[in-house]
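A.B. asks: Right, I'll just put the structure down here and ask away after.
Quick note: the coordinates plus some simple rules give every number you see, no bench work behind them. For clarity, every value in this text was computed on a predicted model and none was experimentally measured. In this analysis, Cβ positions are derived from the backbone assuming ideal geometry, glycine residues included, and neighbour counts consider all displayed protein chains.
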Amino acid sequence: MKRRSIPCLVAAISIVGMTSCSFAPVETPGEKVRALSLAEVETCRKLGVTKVSVLPTLAGIKRPPETVAKELENLARNSAGQMGGDTVVAQTPIVEGERTFTVYKCIAPSQ
């Protein structure tokens with residue numbers, strides 16, 4: 001292997017590795033927020049909606065759909081926690097790295 005190809009190989013491995021990494025961790029407000037289905041929130045109080053987005057590609061490479069979905073859920077959970085919610089439900093499919101979630105208060109919904 002030529003010396004010049006080593007930096008290219010390192011760069012390629014780095015990009016591939018970054019496409020599967022999560023860049024949107026669950027923060028303190030979202031730690032107690034859960035993601036449920038619409039059928040599971042019938043007795044909950046709707047607080048509002050949150051639209052979240054992440055990069056669907058990195059350096060021109062499409063990121064794994066499950067990574068994008070998990071990051072979007074994490075961001076929605078963080079947002080819900082800041083809104084006083086404890087539950088999120090995905091309302092739209094993922095399009096270009098964006099998704100809308102409805103935020104609910106399910107634990108003690110009358111408060």
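A.B. asks: Could you tally the net charge around Thr92, taking each other residue with its Cβ under 9 Å from the Cβ of Thr92, Lys/Arg +1 and Asp/Glu -1?
C.D. replies: +1
A.B. asks: Just to confirm a number: summing +1 for Lys and Arg and -1 for Asp and Glu over residues other than Cys106 whose beta-carbon lies under 9 angstrom from that of Cys106, what do you get?
C.D. replies: +1
A.B. asks: To the nearest 0.05, how large is the calculated FRET efficiency for Lys32 and Ile61 if R₀ is 25 Å and r is the Cβ-Cβ distance?
C.D. replies: 0.15
A.B. asks: Follow-up. Could you put Ser79, Ser53 in order, starting from the residue whose Cβ has the fewest other Cβ atoms within 10 Å?
C.D. replies: Ranked by crowding around the Cβ, least crowded first: Ser53, Ser79.
A.B. asks: Under 26 Å Cα-Cα from Lys32, which lysines qualify once same-chain neighbours fewer than 8 residues away are excluded?
C.D. replies: Lys32 reaches Lys46, Lys51, Lys70, Lys105.
A.B. asks: Based on the mean of other beta carbon atoms within 10 Å per residue, what is the order of 85-92, 57-64, 103-110, 33-40, most packed first?
C.D. replies: 85-92, 103-110, 33-40, 57-64
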